[in-house]
Amino acid sequence: ALVWAAYMLNDQSPLGSAASYGVPLPLDREMVARLLGFSRLQNNVLYANNSRGKFESAVLDSLDQIGLTLSKLAEDLMLFSMPEFGYFALPPELCSGSSIMPQKKNPDVAELVRGKSGRVFGDLLTLLAVLKGLPLAYHSDMQEDKEACFDAVDTLMACLDAVTGMVATLRPRAERMRAALLRDWSGTTDLADALA
């Protein structure tokens, strides 16, 4: 829902706003917006320029939420694939051995996804730090927003690809899950609900 909201917020053409004062030329703003694929126009030039960077921050905020979900999923997969639980077996091609313990398998992809989600959070903070003190109109500071935006998108796309591959090749270990249920009675509530 947040990604869709960010998309809808950005789906408006600012053509003709210039540096907050508008353009006195007879521009066919609607035609240009249509040709560029926008669904509507930004009609207030002050709004159009004040939204610079804010719209990008809405996109990064929605990406942060995806990154947060991926980070939590990666953590759960690492936790529940540890020998103490063993509910899942991570694909060996997404793990590496330890330099001093060759029998150990490090969940590299999951750890990298968990770490890179923090990088996406940092990109949002970078953008917000650039925007925090800017008055209306265009300022050269705004050139600093592009790197953070592109990095966040690239990083999150790589994380999505990695998690997709990890989940697709994940092996559930039903016998371990069943044994845990019988050992600690964690399914008792489900049983009581079913009997009621």
Considering each of Glu144, Glu84, Glu75, Glu111 in turn, give the residue that is in contact with a Lys or Arg (Cβ under 8 Å, 6 or more places away or on another chain) and without any contact (Cβ under 8 Å) to a residue 40 or more places away in the chain.
-> Glu75
Within the stretch 126-136, can one find any residue that is over 19 Å from Asn49 (Cα atoms) and touching a residue at least 40 places away in the same chain (Cβ under 8 Å)?
-> no
State all residues of the stretch 5-25 that are at pLDDT below 90 and open to solvent by 50 Å² or more (accessible area, probe 1.4 Å); if no residue qualifies, say none.
-> Pro14, Leu15, Ala18, Tyr21, Val23, Pro24, Leu25
Single match in Leu90, Leu94, Leu70, Leu60 (criterion: crowded, with 16+ Cβ neighbours inside 10 Å, touching a Gly at 6+ places or on another chain (Cβ under 8 Å) and within 27 Å of Val120 (Cβ to Cβ)) | Leu94
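The values are calculated or read from the model by the stated rules, or taken from the named source; none is laboratory data. For clarity, every value in this text was computed on a predicted model and none was experimentally measured. All Cβ positions, glycine included, derive from the backbone under ideal geometry; neighbour counts span all protein chains shown. Side chains are part of the model used for accessible areas, which takes the heavy atoms of the whole protein and leaves out ligands, DNA and RNA. Shrake-Rupley method; radii C 1.70, N 1.55, O 1.52, S 1.80 Å.
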